[in-house]
Amino acid sequence: MARWNYREIEYGAIDVAKIQDNDFLFKVVAIASFIEITSDLYEKNLAEFYAGDEPIVSWLESTWEPEEIQHGRALRKYVRTVWPDFDWDKAYEGFRREYGKLCTLDEFQPTRAREMLARMVVETGTSTLYRAMTDYAKSIDEPILAEIAHNIHKDEVYHYEEFDKGFEKYNEEEHLGRTEITKVIYARLKMASDEDIFIAHKYIAPGEDFESFKAQTKTFAKEFYPYKMAVKMLMHPLHLHRHVENATASTIQGTLRVLGI
Ligand SMILES: [Fe+2]
Ligand SMILES: [Fe+2]
């Protein structure tokens, strides 16, 4: 059972006039809605990758995918409520056609434990993004978006924890050491390129400059991105002693900023 239901959110209570001109918010929410609602494609790939591991495959199908899809629906409804002139379906059709071709098993890590680490990196990204979105929504006094973003944030942290369990399970066979774990995490961070965001932006804001949107996200991140939380989550699989963790944290924090995550 999902912990929340987007149908119970009071979209009618949104002060539309107050935020309708917020073009940055429109783009961020619309892009997130596109990527989330496309989770069915990832789910198929993940289920294929972990075929034979019944607990994981059934969790992916019965819990992970419906939750990710709900994130997409909740955000889509938000877009439709606040920016009714935007043709979500038409723009999404183009996104799905183009991005769907790139969602293949080629992007996966070579082993099951490594892919679990990669999923933890992805869920760290989403957990922290929705945490930032919650704080941003509060800062512009938009309680409905804050509620939605907070709900999604909690789901993403839960996904992270489940993939963490999966990593620990598979690493009992694969015995990845700290150096290898760090390499996988770092490689996945670097791979978390803007490909999906770039394609979504193209269909959401046709003809508009992607670089200027990226510059806006950097300004947003400086103020709202929870770097500390991201670093803690990324370093967790290393099981470092606290003093080592603290010493390493600032280095990783710097890396995150350089990567613009
Ligand atoms: Fe999600
Ligand atoms: Fe997730």
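Reachable aspartates and glutamates from residue 18, Cα under 14 Å, same-chain residues fewer than 8 places away excluded?
Correct list for residue 18: 141, 142.
Give me the three principal axis extents of segment 22-137 from the C-alpha atoms, as integers in angstrom, largest value leading.
The principal-axis extents, from largest down, are 45, 31, 23 Å.
Could you check the simple spin-label distance between residue 154 and residue 81, using points 7 Å along Cα→Cβ, in nm with one decimal?
Distance between the two pseudo-spin positions: 1.7 nm.
Mind scanning 77/214; 27/228; 90/183; 90/165; 165/202; 165/190 and naming the pairs with a C-alpha gap bigger than 32 Å?
90/183; 90/165; 165/202
What whole-number distance in Å separates the alpha-carbon centres of segment 173-234 and segment 1-76?
Cα centroid to Cα centroid, the span is 18 Å.
Report the gain in length on full extension from residue 7 to residue 223: 0.36 nm times residue separation, minus Cα-Cα distance, nm rounded to one decimal.
Length difference between fully extended and current span is 74.7 nm.
Which percent of Cα-Cα pairs in segment 16-259 sits in each 5 Å bin, short to long?
Per 5 Å bin, starting at zero, the Cα-Cα P(r) for segment 16-259 comes out as 1, 6, 13, 17, 19, 18, 13, 8, 4, 1, 0, 0 percent.
Taken together, the values in this text are just the output of simple stated rules run on the coordinates, not laboratory data. Not measured: the values here are computed from a predicted model. As a convention, Cβ positions derive from the backbone with ideal geometry for all residues, glycine included, and neighbour counts pool all protein chains shown.
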